[in-house]
Structure formats: structure tokens, C-alpha cells
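Encoded as C-alpha cells, the structure appears first; notes follow it.
The values are calculated or read from the model by the stated rules, or taken from the named source; none is laboratory data. None of these values were measured; they are calculated from a predicted model. Virtual Cβ from ideal backbone geometry, glycine too; neighbours counted across all protein chains shown. Areas reflect the complete protein model, heavy atoms only, side chains present, ligands, DNA and RNA absent. Shrake-Rupley method; radii C 1.70, N 1.55, O 1.52, S 1.80 Å.
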Amino acid sequence: MRVTVVGGGPGGLYFAILMKRADPRHEIRVIERNAPDATFGWGVVFSEETLGGLRDADPLSYEEITQTFARWGAIDIHYRDRTIRSRGHVFSGIARKRLLEILQRRCRDLGVDLAFHEEVSELEALPQADLVVGADGVNSTVRRLHQEVFVPTMDVHSTKFAWFGTERAFDAFTFSFRENEHGLFQVHAYPFDARSSTFIVECPEETWRRAGLDQATEQESMAYCESLFAEELSGRPLMSNRSVWMSFVTLRCESWHRGKVVLLGDAAHTAHFTIGSGTKLAMDDAVSLAAAFSRHAQPRAAIAEYELDRQPVVERFQEAARESATYFESVRRYADFEPIQFAFNLLTRSGRITHLELERRDARFVASVDGWFAMRATERGEPGPTAESAPNVAAPAPYLVPLRLREAEIANRVVLSPVHDDALEGTLGGAGARSLLDAAAAGAGLVRADAVAVSAHARITVGSAGLYQDDHVRAWADVVEGMHRTSAALLGVCLTHSGRRGATGPRAEGVDLPLGEGDETWPLLAPSAIPYTRRAQSPHPMTAEKMRDVAEDFRASAERALEAGVDVLEVDMGQGYLLASFLSPLTNLREDDYGGSPEGRMRYPLEVFDAVRQAWPAERPLLVRLNVTDWASGGLEVDDALEVTRVLRDHGCDAVNVAAGQTVANDRPLYGRMFLVGHSDRIRNEAGIPTLVGGSLTTRDEVNTVLAAGRADMCVLDIRRNAR
Ligand SMILES: Cc1cc2nc3c(=O)[nH]c(=O)nc-3n(C[C@H](O)[C@H](O)[C@H](O)COP(=O)(O)OP(=O)(O)OC[C@H]3O[C@@H](n4cnc5c(N)ncnc54)[C@H](O)[C@@H]3O)c2cc1C
């Protein structure tokens with residue numbers, strides 16, 4: 001086979017090695033525009049757990065690379081004049097230049113033709129080949145020449161970074177945060193040989209401009225960073241290697257091939273540098289593509305297998321990298337965190353390391369975190385400096401730590417929210433009551449009864465339970481009594497008016513299917529006359545009188561909840577139900593005082609909230625289930641929800657139950673593992689309010705991770721999903 005590789009970075013060189021090793025008859029030429037010893041940046045880090053693939057692919061280069069490695073096992077986090085160390089990790093680093101030297105030498109030994117100082121600008125000019133590999137990095141010419149097939153998308157990140165080196169060999173992966181009059185700067189530093197380290201400085205673009213770094217020369221930038229991070233550098237200078245300020249670009253391509261032209265490494269995809277994986281991903285691509293060619297004589301079959309093998313893996317890394325990049329872009333959000341929680345949050349930022357994984361690596365560190373969390377949460381004194389020197393090895397896991405909201409003590413942070421629609425004319429049915437009691441018996445701290453109707457016309461479906469008649473109280477009182485007698489759980493009730501999503505068939509048979517002909521149905525209310533689906537009833541826009549009536553229904557239902565002994569009350573402003581549809585500009589087109597501006601759209605939900613807060617005793621918590629994004633163009637976004645949350649908080653809301661989507665039927669949901677946690681994090685830490693979060697949280701480990709990292713205060717465990 002004749003193979004042309006465009007680009008002599010780690011991905012291109014490694015592919016050439018593996019192909020030549022597989023069959024020495026292959027004619028392989030690598031074309032590189034730069035000199036052999038010219039490269040950008042300094043050292044790259046590898047997570048050693050993932051190196052097995054390289055050993056199997058080419059033991060000789062593996063041996064030489066790993067013999068050159070600087071190795072370490074700790075992560076240091078310098079934050080607010082404290083250094084928190086987490087141990088038990090396995091990292092290795094190598095100078096990029098050294099890595100390229102090893103790979104180039106191996107290529108030569110195997111007979112690969114290396115051509116330096118040749119820049120490829122069109123593919124037609126290349127020698128005839130059976131396969132052309134575009135391994136020419138993030139600004140790939142090969143990709144650009146056929147971008148209509150590769151369909152690249154590029155997300156430019158909002159921070160600026162410069163990739164420096166320094167002659168100080170750190171003994172840990174080091175994160176450092178320093179604030180000056182221009183803003184917050186962070187450093188990611190790690191060793192790459194016995195004497196030197198990579199030293200990447202990153203900051204938000206505004207900070208960078210305020211510091212005048214947009215106008216500064218390379219020397220001036222270095223001097224600025226040397227002075228700011230003098231302590232971390234122990235007075236040593238920084239070193240530059242084309243270390244200009246850049247914005248990282250996350251690249252994705254719909255396809256990685258066009259006929260016999262195939263992309264590999266950074267030319268096909270990038271993953272933010274804060275998870276340090278790009279080199280490894282490029283080399284793993286090379287392993288996969290070469291292996292596919294050893295199995296298939298036909299390039300088409302080999303390339304198809306390569307894409308099938310690699311694309312899902314890369315997507316997972318990109319997802320973790322996105323989480324990690326978002327963390328560093330918004331790290332100011334955690335400015336009030338104590339160092340120990342700040343460190344735990346940083347270490348678990350990308351979702352790849354959880355509480356349990358961290359405990360396996362460094363039980364002592366996790367004991368400090370858990371000890372701090374338990375003491376902090378139960379207000380049994382501040383942990384003080386001994387938390388890390390003498391960690392509490394007997395501290396309960398975060399999910400077992402009680403939470404106090406007003407006078408209510410919720411025994412643990414796990415919330416269960418069973419759904420049953422077997423009510424008869426609003427009276428909670430036997431199966432519904434049992435599922436609530438079962439949830440309490442299962443150990444939840446808080447059991448939520450979802451979507452409890454405030455009037456007959458507020459029901460979602462015929463079987464929805466309600467609190468709209470005095471004779472509904474008995475069944476709820478029985479549940480409360482049974483729950484308190486047999487468990488430590490508290491009962492929470494979410495008061496809902498279904499709005500334009502009402503009068504539908506049982507939810508078990510499908511969501512939002514209108515009641516059939518002959519079924520008992522009822523008229524719907526909404527801010528504006530927009531049906532939820534094409535088949536749904538058109539709702540009546542609410543008059544002032546109707547608005548007063550519904551607010552009164554909420555208030556009266558709250559009084560009945562109190563009479564029944566309900567512990568925690570929630571007002572439903574989520575998922576397209578009545579109050580949520582007032583908040584969203586997609587469903588509220590009113591031109592009176594209750595529409596238009598965000599304040600106008602918020603007016604009615606706030607009036608209802610105030611009415612409930614007045615009826616609900618000051619010592620009992622009142623929550624709001626709030627849509628933080630509509631997942632639809634032109635709809636509510638998290639920034640809008642933050643404003644709503646701040647107002648609700650000031651009106652006496654004790655916590656937000658984070659919800660998303662279903663405002664409109666054609667929304668574009670982003671479901672996935674823990675898909676609401678990022679939103680909860682923003683609401684909690686930017687609006688300063690406790691949050692309750694669900695969304696595919698299926699294990700106690702996930703719950704512990706979310707809680708200890710300060711991304712939520714209670715978690716809805718999805719045990720139904722778990723059971724599948
Ligand atoms: C700040 C920062 C820190 C990083 N840290 C790490 C880390 O710790 N660990 C890690 O694994 N990854 C890290 N990366 C990512 C890593 O550098 C890349 O993912 C990796 O280099 C990709 O390898 P590649 O072979 O695909 O592309 P590249 O290394 O970019 O190589 C592409 C080659 O193609 C050549 N070329 C380009 N165009 C042409 C042309 N038209 N003709 C001929 N030649 C051409 C270039 O000169 C270059 O040599 C980091 C990246 C950044 C920005």
C-alpha cells in the first residue's frame with residue numbers, strides 16, 4: 001500500500017510506525033511543514049492507566065517513551081493561601097519535543113520516508129497513494145480542502161491561555177489560582193522531565209484585556225505571569241516556545257473520511273487541554289486505524305471500522321473535556337467555597353472521577369472532605385485545620401448527612417419521587433399512597449408527591465391526586481402519619497396547575513396524549529391561547545378573575561397540605577405547566593402587565609408564590625420546581641432562571657428543584673448522565689440558594705459526588721432507571 005501522511009505530529013508519526021510494523025512492504029511518506037526539531041508548547045501529560053494500548057501496539061517506542069517519562073502521583077491545589085494535596089493518581093509527562101524525536105527515530109528505523117519543510121496546500125499535488133491521512137493538526141489543510149464532507153464545527157472557548165515552560169520541576173500536577181486587580185488567573189503545571197515543567201496560564205478574556213495582555217509582547221506577557229506566580233515558580237523564569245496567548249478551539253467533524261482521505265488526531269477532533277488527552281487520543285486513533293487496515297484489505301472497510309471504533313470514544317472524552325473547560329471558565333462561581341470543597345469540586349469537575357474513585361485513590365483526602373461536609377452541614381462547629389491533618393475516617397457519606405431547611409430537618413439528602421395516577425376525583429389512591437410509603441421505607445430523607453392538583457381543572461390526567469377539596473386531606477394525613485410512624489422521611493408535596501398540558505390520558509400510556517372521546521374532560525387555562533400539541537385542546541387565556549381564582553386555589557391547597565401535616569411544600573413552575581408557561585416567552589404572549597418583559601412574565605407566578613408563602617407556616621420550607629431552560633430556541637435560558645431564582649429567594653423560597661424542557665412539545669432536550677447537575681450548580685452557586693436535582697442520577701456514588709462538590713444539596717435518585 002502507498003500511504004501519504006500529512007503532518008508529522010504524534011498522531012501522524014505513530015500511524016506511520018504502526019503501518020510499517022504491520023507490513024514492511026507498505027510505502028509510507030510523512031510530510032511535515034516544519035523542521036524535525038521545531039514544535040510548539042512544552043510537555044504533555046499522559047494518564048498512565050491508559051497507556052496499555054501503546055505498549056501492545058509498538059513495544060519499542062512504548063519502552064523508550066515510558067523510560068523518558070517524569071512520573072508523579074499527586075495533585076496539588078493552591079487556593080486562598082492553602083495547598084490541598086490529593087494523592088494516589090498516576091500521571092506521567094514527556095516533553096513534546098522528546099516524544100517527536102523518539103517517534104521520528106522509530107519511523108526512520110522502520111524505513112518510513114520522512115519529508116520535512118514541505119507544506120501541503122492541495123491534495124492533487126501529492127504523489128499517487130492508496131490512502132491519504134490528514135494528521136495535520138487543529139488547523140488542518142486536508143480537512144479544509146474537503147470541509148463540505150467533513151462538516152467541521154468549531155467552538156471557541158472564552159478563556160485565553162499561554163503554554164509556557166519553566167525550569168522548576170513540580171512534584172505534583174499543580175493547579176494554582178491567583179487574583180489581582182485585573183481578575184482571576186489560574187495555572188495548570190506539571191513536570192515533563194527531571195528539571196522542567198509545563199506551566200499553562202489561563203484567564204477569562206476580560207481579565208486578559210484588563211491586564212493589557214492583548215497588547216503585550218511575548219516577553220511582557222512572560223514578565224507579567226512571572227511576577228503574578230513568583231511564589232509558584234520559586235522565583236524561576238518562564239520559558240517561551242511560540243507561547244502566544246490563544247483561545248482553545250473544540251473541534252468536531254460529522255465525518256472523518258472522504259474516499260481514501262481520512263482524518264486523525266487534532267485534525268478530526270480536539271479535547272480541551274485541561275483534561276490533557278489530545279496526544280493520547282491522536283495516538284489511539286493511529287492504533288485503531290492501523291489495526292483496522294490489518295483486518296481489512298479494502299480501505300473503505302478499514303476506514304468505516306476506524307470511525308465506528310473511535311468516534312464514540314472521542315465523543316466521551318470531548319464531553320468530559322467540555323465539563324472540565326466549563327469548570328475553569330466559570331471557576332469564579334466557587335469563590336466562596338472553602339479550600340477542601342473547592343479542591344473536591346475541581347477534582348471531580350469532568351465527571352470522570354467520582355467520590356468513590358477518589359476514595360480508592362486517596363481515602364484520607366475523601367475522609368477530610370466527608371468530615372468537613374458533615375460538620376459544616378450539621379453546624380457542629382467549623383472543621384478547622386485538623387480536618388486534613390486528622391481526617392474523620394468515620395464521617396458519614398455526604399448523602400447521609402441531614403439537611404436543615406427552616407425548622408425542618410431532612411434526615412438525609414436522598415429524595416424519591418414516585419409517580420402514580422390512581423386517584424379518584426382527586427383523592428389519593430391506594431397505589432399512590434403505597435408508593436409514597438414504600439419510598440419512605442426505602443430510606444429517602446424526603447419523599448416527593450409530584451404534580452398534586454390545586455383544582456379539578458388543574459389536573460394533568462383523570463387519575464391525578466389533588467388537594468382541592470377538604471375531603472382530600474384525610475388520605476394525605478394518613479400517608480404523613482404512616483410515614484412519620486415508620487420512617488424518618490418527610491413528605492413533600494408539589495402543588496401543580498397543569499395549564500395547557502392538562503386533560504391528558506394516563507401518563508403511563510404516553511405523555512401529553514389528549515383524553516379520548518367519551519372521557520370526562522375539562523377546559524384548559526394558559527397565559528395565551530397556544531395549544532401544547534396539534535391534537536391538544538386550545539387553552540383559554542386567563543382573565544384577571546381566573547388568575548385570582550387560581551392563586552386562591554394554590555393558597556387553599558397549601559392550607560389543606562398543612563392540615564394534612566405535609567412537611568415540605570413545593571410550587572410547580574416547571575415543565576410547561578401553568579406557572580412555567582407564564583415564565584417562558586414561548587408560551588406567554590400577553591400584552592398586559594403579566595407578559596412581555598421578564599418582570600411581567602414573572603408577575604403571576606410570584607403572586608401565586610406569595611399567596612402560598614403566606615398560607616404556609618414560616619417554620620416550614622417552601623420550594624419551587626423551576627424550569628431552568630426550555631431547551632428551545634427563543635425560550636428561557638439559565639441566565640433568565642437565575643434572575644427568577646434571585647427574586648424567589650428574596651420572597652422566601654428555600655430551595656429550587658431544578659427542572660428543564662417540556663415548555664413546548666418540539667423542544668430539543670439534552671438528556672444524558674446527570675444532565676441537570678450543571679444547571680443545578682449554576683443556580684445554587686450563582687443565585688445562592690440550595691438546590692434539589694435529579695436527571696438520571698442512579699447511584700449513591702453520583703449523589704455523593706454532586707453533594708460534596710457543592711453542585712446541589714439534595715438529589716432525586718432515579719431508582720426506576722437503576723432497576724432496568
Ligand atoms: C496548552 C495545551 C496543552 C496540551 N496539553 C496536553 C497534554 O498534557 N496531554 C495531551 O495528551 N495533549 C495535550 N495537548 C493536546 C496535544 O498537543 C494535541 O492534541 C496533539 O498534539 C495532537 O496531535 P496531532 O498529531 O493530531 O496534531 P499536531 O501535534 O498538531 O501535529 C500536526 C502536525 O502537522 C503539521 N502540519 C500542519 N499543517 C500542515 C501542512 N499543511 N502540511 C504539512 N504539515 C502540516 C504541523 O506542523 C504539526 O507538526 C495540549 C494542547 C494544548 C494547546
Identify the chymotrypsin sites (Phe, Trp or Tyr not before Pro) of the stretch 623-724 meeting these criteria: DSSP loop state and at most 13 other C-beta atoms within 10 Å of the C-beta.
TYR671
From the C-alpha gyration tensor of the stretch 403-669, square roots of 5λ in Å
27, 22, 17
Name the longest site-free stretch of the chain, where the excluded sites are GluC sites (Glu not before Pro) in a DSSP loop with no more than 11 other beta-carbon atoms within 10 Å.
255-378
Bridge type composition, the stretch 403-669 - antiparallel percent by DSSP, nearest 5:
15 percent
Pop the C-beta distance of ARG295 and ASP639 into the FRET formula with R0 = 45 Å and round what comes out to the nearest 0.05.
0.35
Among all the aspartates and glutamates, which ones have a C-alpha under 19 Å from LYS546's C-alpha, if same-chain residues fewer than 8 places away are not counted?
ASP572, GLU591, ASP592, ASP593, GLU607, ASP610
Roughly how far apart, in whole Å, are the Cα centres of the stretch 275-320 and the stretch 392-412?
45 Å
In Å², nearest 10: area of HIS296 left accessible to a 1.4 Å probe:
60 Å²
A correct Kirkwood calculation over the Cα atoms of the stretch 108-188 returns a hydrodynamic radius in Å of 17.9 Å
Taking the simple approach of a point 7 Å from Cα along Cα-to-Cβ for both GLU220 and ALA431, what is their distance in nm?
7.2 nm
I'd like the orientation of helix 96-110 relative to the chain: the angle between its Cα long axis and the longest Cα principal axis, in ° from 0 to 90, rounded to 10.
60 degrees
Cα-based helix-to-principal-axis angle, 638-650 vs the chain, degrees rounded to 10
40 degrees
Search the structure for amide H atoms under 5 Å from the amide H of ARG448, placed 1.01 Å from N in the peptide plane, and list their residues when 5 or more places away or on another chain.
LEU416, SER417, GLY492
Computed, not fitted: 222 nm per-residue ellipticity of the chain from DSSP H runs ≥ 4 (each -39500 (n - 2.57)), nearest 500, equal to -11000 deg cm²/dmol
Probe 1.4 Å, all protein chains in place: accessible area of MET674 in Å², nearest 10?
40 Å²
What percent of all Cα-Cα pairs in the chain falls in each 10 Å bin, counting up from 0?
3, 13, 20, 20, 17, 14, 9, 3, 0
So, in nm, how far is label LEU562 from label THR83 when the simple model puts each one 7 Å beyond its Cα toward the Cβ?
5.7 nm
Extension length gain for ASN241 and ARG673 (0.36 nm per residue less Cα distance), in nm, is 151.6 nm
Mind checking which lysines have their Cα closer than 19 Å to the Cα of LYS97? Skip sequence neighbours fewer than 8 apart in that chain.
LYS280
Rounded to two decimals, the Rg over Rh value of the stretch 256-371 from Cα coordinates and the Kirkwood Rh reads 1.15
Over the heavy atoms of HIS484, what accessible area does a 1.4 Å probe trace out, to the nearest 10 Å²?
80 Å²
With +1 on the Cβ of every Lys and Arg and -1 on the Cβ of every Asp and Glu, the dipole magnitude of the chain about its Cα centre, in debye rounded to the nearest 20, is 1520 debye
Using alpha carbons only, how many angstrom separate the centre of the stretch 93-165 from the centre of the stretch 576-623?
55 Å
With a sphere of radius 14 Å drawn around the Cβ of ARG613, what net charge do the other residues whose Cβ falls strictly inside it have (Lys, Arg +1; Asp, Glu -1)?
-3
Where both partners of a DSSP beta bridge lie in the chain, what percent of those bridges are antiparallel, to the nearest 5?
50 percent
Label point 7 Å out from GLU520 along Cα-to-Cβ: which residues of the stretch 460-481 have amide N under 16 Å?
460-472
Using the alpha-carbon centroid of each, what span in Å lies between the stretch 477-555 and the stretch 188-219?
55 Å
